[in-house]
Amino acid sequence: MNEVKSVLVVGASVAGLATAEALRRKGYTGTLTLLGAEREPPYDRPPLSKQVLSGAWEPQRARLRSTEALAALNAEWMLGDPAIGFDARRREATTAAGRTLTADAVVIATGITARTPPDQCGTRGTHVVRTLEDATALRADLLSARRVVVIGDGVLGAETAATARRMGLDVTLAGPQPAPMTEQLGPLVAAHLADLHRRNGVVVRGGVLVDALDTHRDRVTGVRLSDGTDLDADVVVTAVGCAPATGWLRNSGLHLDDGVVCDAFCRAAEGVWAVGDVARWHHEGLGRLLRLENRTNAAEQALAVASDILGTGRPYTPVPYFWTDQFDAKLQIHGIASADARAEIVEGDPHDGRFLVRYTGLRGPEGVLGWNLPKQTRLQRALLTDHFTRPQQPATP
């Protein structure tokens, strides 16, 4: 590309804000525009299912930056106006309000959207947790509820169940996996996570799907599971996964497949990059496409994209990292804790509530997980560097 004089960031959450901040830190002085679908200034999402939902934080505390810090970016903020179309060749975005925006460089940072079953639309007492508005609406309902059913046993469902239980509610966590977060953590750790929830009073129902919701006068009253069980519920929270927010990119000329498909530099097309939860890029260390839905990746990938926009980029090969807090347990995961990897406890003891797990795949160590062992977990991360940062060699015929 020629010299970049204007940058348009579509998406004003963590990834979009981090891209804008990185550009300014690296000396970019040109025009900078951030377009966001929500009216709220950029805020952090991990606290939504914990501190905001529990009431420990006022919603405003989740904001990522002060009004003064956002103003110091010298950027034009267009909030509450979602993008509805894009032409990659012309680098031109159109918005719901009828705006047409073009730039020398466009960064797609629209994230993901929560999947909502059709039978929940318009049913009072049913919720998802993706936005600040979602979290505050759910909290208001929980304050007058007694029985909660959380549908979905991934990280968001497990965190929401833990928060609701700590608020004193009767909670059932139901999902298709044998134990919560089996796909993300593997069966060994997932079994300990299920025990943690049960010890704290959560009813864990694994290996089930939802057949239907029971309602009365357009308000949910219960959940019918695929095994024939009927559960009473004042509130139902659905956390059955998210989808990359790419609907506005149909007919854009970009390659869409479980996200915006990018090369190793996170480039989706000439002058177009993707960053954060929506980006599916080629990870050279793994030799395959990868899309990550977590706070850490959104910030780190933004730095890589900003560098590439300014001509100093290099392949983005991170060691993935995410964490989750549930009851008295803080789980920190470096690398990939795949369900089919060999998992072994190498330090500590689950009965003491502190242990370290190493995940080993065909190419050697590929992940470490610490359960209330932050320092030891960081030290073990060094074992993963070669696995993720050294380009994978093609197989010998």
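Structure notes:
- The set of residues in region 307-345 being open to solvent by less than 60 Å² (accessible area, probe 1.4 Å) and among the β-branched types (Val, Ile, Thr) consists of ILE309, THR317, VAL319, THR324, ILE333, ILE336.
- Of the helices (runs of 4 or more DSSP H) lying entirely inside region 1-118, the ones with 3 or more residues being modelled with pLDDT of 95 or more and surrounded by fewer than 16 Cβ atoms within 10 Å (Cβ to Cβ) are found at 67-71.
- Every residue from region 23-67 that is without any contact (Cβ under 8 Å) to a residue 40 or more places away in the chain and hydroxyl-bearing (Ser, Thr, Tyr): THR29, SER66, THR67
- ALA233 in contact with a helix residue (DSSP H, G or I) (Cβ under 7 Å, 6 or more places away or on another chain) and of a type in the set (A, V, I, L, M): no
- Scanning region 246-299 for residues that are in a loop (DSSP other than H, G, I, E, B) and among the charged types (D, E, K, R), we see that the one that is most open to solvent (accessible area, probe 1.4 Å) is ARG250.
- If the condition is being without any contact (Cβ under 8 Å) to a residue 40 or more places away in the chain and open to solvent by 60 Å² or more (accessible area, probe 1.4 Å), then region 166-194 contributes ASP170, PRO176, PRO178.
- Filtered residue count, region 321-356, keeping only those that are within 30 Å of GLY287 (Cα to Cα), assigned to a loop (DSSP other than H, G, I, E, B) and at pLDDT 95 or above: 0
- Each residue in region 21-51 was checked for being under 18 Å from the mean Cα position of the chain (by Cα) and small (Gly, Ala, Ser), and 3 of them qualify.
- Whichever residue in region 119-128 is part of a loop (DSSP other than H, G, I, E, B) and open to solvent by 10 Å² or more (accessible area, probe 1.4 Å) and, among such residues, is farthest from PHE86 (Cα to Cα): THR123
The values are calculated or read from the model by the stated rules, or taken from the named source; none is laboratory data. Keep in mind the model is a prediction, meaning the values are calculated, not measured. Heads up, the Cβs are rebuilt from the backbone with ideal geometry, glycines too, and the neighbour counts pull from every protein chain shown. Heads up: the accessible areas ignore ligands, DNA and RNA and are worked out on the full protein's heavy atoms, side chains in. Shrake-Rupley method; radii C 1.70, N 1.55, O 1.52, S 1.80 Å.
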